[in-house]
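Enquirer: Shown below is the structure under consideration.
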Amino acid sequence: MKFAFITTLVFCCVGLANAADIQKGQALVEKGACTSCHGVGLNAPILPVYPRLAGQPADYLYYALHAYQVGGSNAKYGRNNAIMAGQVQPYSDQDLKDIAAYVSSLPGTLVIKK
């Protein structure tokens, strides 16, 4: 019984330690000037080739950001885009999670068929 309690407590603490911080994500998005390409609220791209990001699922956004960091060096998991690769390189894994949480929290017009 003690073991189960301690194990549960440890896993809960690890989850809290890695929880994404929306406010930190907002600061990182502002610092990174993401709206320069993705537009106001990250929902009005300046060119049609840039995606609308607002409201997309955080796990998808994190995966995409991480894939840009990995880049072409990993054909299975990387994404090749010179602009995005340069944008995400300085960020830690936690920074990417924070950015994803913030962007996901924004109201967006992206429609996903159900």
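Enquirer: Does the stretch 34-62 hold any residues that are surrounded by 16 or more Cβ atoms within 10 Å (Cβ to Cβ) and of a type in the set (A, V, I, L, M), and which are they?
Expert: 42, 53, 54, 58, 61
Enquirer: Still on this structure, I have one more. Taking residue 46 and the conditions (1) modelled with pLDDT of 95 or more; (2) under 20 Å from residue 90 (Cα atoms); (3) out of contact with any Lys or Arg (no Cβ under 8 Å at 6 or more places or on another chain), which numbered condition does it fall short on, given that it satisfies the others?
Expert: (2)
Enquirer: Which condition breaks for residue 109 when tested against (1) assigned to a loop (DSSP other than H, G, I, E, B); (2) in contact with a helix residue (DSSP H, G or I) (Cβ under 9 Å, 6 or more places away or on another chain)?
Expert: With respect to (1) assigned to a loop (DSSP other than H, G, I, E, B); (2) in contact with a helix residue (DSSP H, G or I) (Cβ under 9 Å, 6 or more places away or on another chain), residue 109 is out only on (2).
Enquirer: Does residue 44 satisfy being more than 18 Å from residue 21 (Cβ to Cβ) and not in a helix (DSSP H, G or I)?
Expert: Yes: the conditions hold for residue 44.
Residues checked against (1) in contact (Cβ under 8 Å) with a residue 24 or more places away in the chain; (2) hydrophobic (A, V, I, L, M, F, W, C); (3) assigned to a helix (DSSP H, G or I):
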{"residue": "63", "(1), (2), (3)": "no, no, yes"}
{"residue": "72", "(1), (2), (3)": "no, no, yes"}
{"residue": "85", "(1), (2), (3)": "no, yes, yes"}
{"residue": "90", "(1), (2), (3)": "no, no, no"}
{"residue": "100", "(1), (2), (3)": "yes, yes, yes"}
{"residue": "104", "(1), (2), (3)": "yes, no, yes"}
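Enquirer: Specify which of the listed residues (32, 71) is modelled with pLDDT under 95 and at positive phi.
Expert: Result: 71 is the single residue among 32, 71 that is modelled with pLDDT under 95 and at positive phi.
The values are calculated or read from the model by the stated rules, or taken from the named source; none is laboratory data. Only a predicted model underlies this, so the values are computations on that prediction, with no experimental measurement involved. Virtual Cβ from ideal backbone geometry, glycine too; neighbours counted across all protein chains shown.
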